[in-house]
Amino acid sequence: MHKNFTTAELQHTAGSPVFGKAATTVLSTQDFAEARAEITAWAGYASTPLVSLAGLARAIGVGRIDYKHEGPRFGLGSFKALGGAYAAIRVLQRELTDRLGQPVNLADIRNGTLATKCRQITLVSATDGNHGRSLAWGCQRVGAPCRIYIHAEVSEGRARAMRDLGAEVIRIDGDYDASVSIATQEADANGWFVVSDTSWPGYTAPPRDVMAGYGVMIDEVCADLEQPPTHVFLQGGVGGMAASIAAALRQHYGKQAPRVIIVEPDRAACLYESARKGAATNVTIESETIMAGLSCGEPSALAWDILREEASDFVTIPDDVIAPTIRLLAKSETGDDMVEAGESAVAGLAALIAARQDAALSNVMGLNGMSRVLLIGSEGVTDPAIFASIMNGADHV
């Protein structure tokens, strides 16, 4: 293993899981079922690979590792394709139902029947890259205008990918949380509609739809697995993906659902701090992390409602374990199938590898030679220039 894994300083705090009602009430079985029915009807839908990392499992001493590789998802490179585009069509459905005074079916939006009406409704979001790309793609498919707000540190490659999908991209000064604020203010001033993957008081429907869309991944995972995993390592960010996956696993496996471990960059650890303080807590991002999609200082309220009941562990990782993890997968260093992954995708895997170098931390998290670990590889190569730099040996970009 790369020396960075053995020297990594992981911070850990225990959650206070109660396995209450949030996993079925914040996101219901119907929410997941409706999202699944719509998304699987889209042209180009296909299940993404669940890659067995048996060689790596042997190398670090766990029973098995299954890595859900979201790089091929709808040609957009990330799991976000399931959330933003689905939430967009649901926002359009609600608004067109109001404007037309009659129920509107998703199929009528999807097949272009209402394209003229959709062109009159502008959808807006802030993004670190992948959510905005999904929203831009969803808007392009149905004919709705799209405005995406990005912060100063979002790479130009990711901005260009959104422009190529027809979005108007606005770069602001400040961080992700500032871009959320500006996007919301300008939408309110202009009669546009925000499609965010994070929630706040009075704003829950679109982020709930985003999270419902992510549940498609667990339908696919559970169809591929013969046994439930014992552990799932989930990237943090605002918490939307992690909460969705935790809820979907709880709904599918019940008492056999895996132990949920939340992983964040130590530079953007709002969920870790929330767990430590016992309440949703914002943090100030002093410097940007290499894990661009996880650079979030404010947890989603909806997500936190689930995670505070479902997550057993919250872990932070340093940036310097990310590049070695990307190279490990891409170069098949442990003899497994090659996987080309982005910086945010490997956070859970990096945390797992580093944790197994620490006997005490492994013991705290119940990791041993029998553990069956599920990882969500949330993105493929979404910025080729950054990926190339890492493959050429750079540990920071």
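Results, tabulated for the structure shown:
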item	result
Failed criterion for Gly237 (all others in (1) part of a loop (DSSP other than H, G, I, E, B); (2) within 22 Å of Met370 (Cα to Cα) hold)	(2)
Residue match in region 10-33 (condition: surrounded by fewer than 16 Cβ atoms within 10 Å (Cβ to Cβ) and more than 24 Å from Ala246 (Cβ to Cβ))	no
Tyr253 being at pLDDT 95 or above, within 20 Å of Thr24 (Cα to Cα) and among the aromatic types (Phe, Trp, Tyr)	yes
Residues (part of a helix (DSSP H, G or I) and either within 12 Å of Arg163 (Cα to Cα) or of a type in the set (Asp, Glu) (or both)) located in region 112-133	Gly132, Arg133
Qualifying residue in region 304-327 (condition: over 22 Å from the mean Cα position of the chain (by Cα) and not β-branched (Val, Ile, Thr))	no
The one condition in (1) of a type in the set (Gly, Ala, Ser); (2) in a helix (DSSP H, G or I); (3) touching a residue at least 40 places away in the same chain (Cβ under 8 Å) that Ser196 fails to fulfil	(2)
Checklist (1) closer than 22 Å to Glu379 by Cα; (2) touching a Phe, Trp or Tyr at 6+ places or on another chain (Cβ under 6 Å); (3) of a type in the set (A, V, I, L, M) applied to Met211, failing item	(2)
Out of Glu95, Glu153, sole residue that is under 20 Å from Val194 (Cβ atoms), open to solvent by 10 Å² or more (accessible area, probe 1.4 Å) and in contact (Cβ under 8 Å) with a residue 60 or more places away in the chain	Glu95
Subset of region 270-303 (residues that are among the small types (Gly, Ala, Ser), crowded, with 19+ Cβ neighbours inside 10 Å and outside any loop (DSSP other than H, G, I, E, B))	Ser274, Ala275, Ala292, Gly293, Ala303
Flag if Asp197 is under 14 Å from His131 (Cα atoms), crowded, with 21+ Cβ neighbours inside 10 Å, in contact with a Lys or Arg (Cβ under 6 Å, 6 or more places away or on another chain) and not basic (Lys, Arg)	no
Hits in region 200-231 - residues which are in contact with a Lys or Arg (Cβ under 6 Å, 6 or more places away or on another chain) and farther than 25 Å from Ile89 by Cβ	Pro229, Thr230, His231
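The values are calculated or read from the model by the stated rules, or taken from the named source; none is laboratory data. Small disclaimer: the values here were computed from a predicted structure and weren't measured. Reconstructed Cβ throughout: ideal geometry from the backbone, glycine too, with neighbour counts over all protein chains shown. Surface areas here come from the heavy atoms of the whole protein model, side chains and all, with no ligands, DNA or RNA. Shrake-Rupley method; radii C 1.70, N 1.55, O 1.52, S 1.80 Å.
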